[in-house]
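Q: This is the structure I want to talk about, given as structure tokens.
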Amino acid sequence: VTCFAAMDTAVWHLGGAVPVLLLLILRYLTQALLMIPVLMLGPHGFRSGRPGFQLGRGLLLLACSAITFIGLRHMPVAEYTAIAMLTPVLVTLFGVLVFKEHISALRWALVLGAFAGALIVIRPGSGIFGWAVLWPLCGSCAYAGFQLVTSRYAAHEDAFTTHFWTGAVGALAVLPAWP
């Protein structure tokens, strides 16, 4: 939690001076490079049995990061984060709609409570944030997809290998755009 808060705050402060593309490259390249020695020294390895899972998961997290890095240029960190906290609500809703998961009455009550809390922050019709609220809402959708894909396939892949490929996919996707 501290790392996410630190990254969001750093991106918010750097956003006006450093191009988003460079921030994305640094974020994902660092993740991939830090995992190389772990995979080389441990029993994990680089090979994935489900490359489509790794690609989809990496692209979903990259989309979430890009949306967040851009969105933080338009909103304060606290408000952005409060709206982005709708992710668990979306995970629950997508789980029901896509994977036909059963949700208890208590969980539905929690989903409604979280949604009401988000509405308090967003205050539709107040004109406080306007179109800027679309950034955290879209980011939440991408992150919800990331979490659902991860929950479905994580048991079939090594966590260290998956962590490496998440960084590698993000870095490989944005590096060609840098020049």
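The values are calculated or read from the model by the stated rules, or taken from the named source; none is laboratory data. Since we're looking at a predicted model, the values are computed, not measured. Note that we place each Cβ from the backbone using ideal geometry, even for glycine, and neighbour counts take in every protein chain shown. In case anyone asks, the SASA skips ligands and DNA or RNA and just uses the protein heavy atoms, side chains included. Shrake-Rupley method; radii C 1.70, N 1.55, O 1.52, S 1.80 Å.
Q: Given the options 52, 117, 113, 56, name the one that is under 29 Å from residue 20 (Cβ atoms), more than 20 Å from the chain's Cα centre (by Cα) and of a type in the set (Gly, Ala, Ser).
A: Answer to the selection: 117.
Q: Turning to a different aspect of this structure: Looking only at the stretch 8-18, how many residues end up being open to solvent by less than 50 Å² (accessible area, probe 1.4 Å) and not in a helix (DSSP H, G or I)?
A: Residues that pass the stated criteria total 2.
Q: While we're here: Being under 16 Å from the mean Cα position of the chain (by Cα) and farther than 20 Å from residue 4 by Cβ is the requirement here; does residue 155 meet it?
A: In short, no.
Q: Are there any pairs with C-beta distances below 8 angstrom linking a residue in the stretch 1-21 that is more than 10 Å from residue 69 (Cβ to Cβ) to a residue that is open to solvent by 50 Å² or more (accessible area, probe 1.4 Å), with the two at least 6 apart or on different chains, and if so which?
A: Final answer for the pair search is 16/73.
Q: Might you let me know whether the stretch 20-32 holds any residue that is open to solvent by less than 60 Å² (accessible area, probe 1.4 Å) and farther than 20 Å from residue 174 by Cβ?
A: no
Q: Looking at (1) among the aromatic types (Phe, Trp, Tyr); (2) at pLDDT 85 or above; (3) surrounded by 15 or more Cβ atoms within 10 Å (Cβ to Cβ), find the lone condition where residue 129 falls short.
A: (2)
Q: Filter the stretch 154-163 down to the residues that are open to solvent by 20 Å² or more (accessible area, probe 1.4 Å) and either of a type in the set (A, V, I, L, M, F, W, C) or in contact with a Gly (Cβ under 9 Å, 6 or more places away or on another chain) (or both) and list them by number. Lay out the reasoning, then the answer.
A: Taking the stretch 154-163 and keeping what is open to solvent by 20 Å² or more (accessible area, probe 1.4 Å), we get 154-160, 163.
154, 155, 156, 157, 158, 159, 160, listed by residue number.
Q: Mind checking which pairs have a first residue in the stretch 23-48 that is within 11 Å of residue 163 (Cβ to Cβ) and modelled with pLDDT of 90 or more and a second that is open to solvent by less than 30 Å² (accessible area, probe 1.4 Å) and among the aliphatic types (A, V, I, L, M), Cβ under 7 Å, 6 or more apart or different chains?
A: Correct list of pairs: 32/168; 32/171.
Q: If a residue has to be open to solvent by less than 30 Å² (accessible area, probe 1.4 Å) and either aliphatic (A, V, I, L, M) or at pLDDT below 85 (or both) to count, how many in the stretch 59-76 make the cut?
A: Total meeting the criteria: 5.
Q: Also: In the stretch 77-103, what residues are out of contact with any Gly (no Cβ under 7 Å at 6 or more places or on another chain), open to solvent by less than 50 Å² (accessible area, probe 1.4 Å) and closer than 19 Å to residue 114 by Cβ?
A: Within the stretch 77-103, 81, 82, 83, 86, 87, 89, 90, 91, 92, 95, 96, 103 meet the criteria.
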